1. Express as a percent, rounded to the nearest 5, the fraction of DSSP beta bridges in segment 12-266 (both residues included) that run antiparallel.
2. For residue 154 paired with residue 72, estimate the spin-label separation in nm (one decimal), with each label point 7 Å from Cα along the Cα-to-Cβ line.
3. How high is the FRET efficiency between residue 217 and residue 64 when r is their beta carbon distance and R₀ equals 25 Å, given to the nearest 0.05?
4. With only alpha-carbon pairs counted, each pair once and no self-pairs, how large is the Kirkwood hydrodynamic radius of segment 12-266 in angstroms?
Ligand SMILES: [Zn+2]
């Protein structure tokens, strides 16, 4: 959920802007979701403005009827490859090793989009996931409480979704489960600047690396085809669900849960999909 909305924009100015950003170097940036157009306009005006990423508001309580809210949300209730799922009886397979390239960058903004806390990344940020011969670049990460994905009928305390995209628009999501334990420093940096209400908070003089949200063991994972877990529930997303959780302190989990006691979409039917599991 939480806005893994896909970046879409047809304005030529955005393309130009993207290249400029890439040249300047990897700028970590936050934008409003349908990233690109609104950003470019705001930027030319000299300031960033928060814009809700959703055309039509929605709630988790109404998850069974998201399709009724907006024509764009049709896949949510009629799609056959929806996420999240309960991972049971996966098929063992020789899955390729995942490779993450993480870069430390200035944290510019933290977003509260009314459904999660999120940090966005602009094109050219230098954070990559290499998987199945594809090179995906990080677009954003955000959090769920409790976890959306289940393993053998069990959820985790929280989960992080890191969303990636290839140059030709293929989207992949990485799920990192969270269990209570030691504090996570990267999470703390984000929490320290977390807006308490919808909007975004500007940050100065702070750097983070998304690598701080990954477990040490990235070799063990599940793979399946699914969707965004928030409207518009777009399908064709490759999900890599890491088996090894990271830890957050009880205080960190509570700080998020205070804002979002439940930002997890209900489990979706498999409809014959096969989940693969690394050997
Ligand atoms: Zn999510």
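Only the coordinates and a few stated rules stand behind these numbers; no lab work does. Since this is a predicted model, take the numbers as computed values, not measurements. All Cβ positions, even for glycine, are placed from backbone atoms using ideal geometry, and neighbour counts span all protein chains on display.
1. The answer is about 80 percent antiparallel.
2. Between residue 154 and residue 72, the simple spin-label model gives 3.9 nm.
3. For R0 = 25 Å, the calculated efficiency reads 0.10.
4. On the way: mean 1/r = 0.0536 Å⁻¹.
Here the Kirkwood hydrodynamic radius works out to 18.7 Å.
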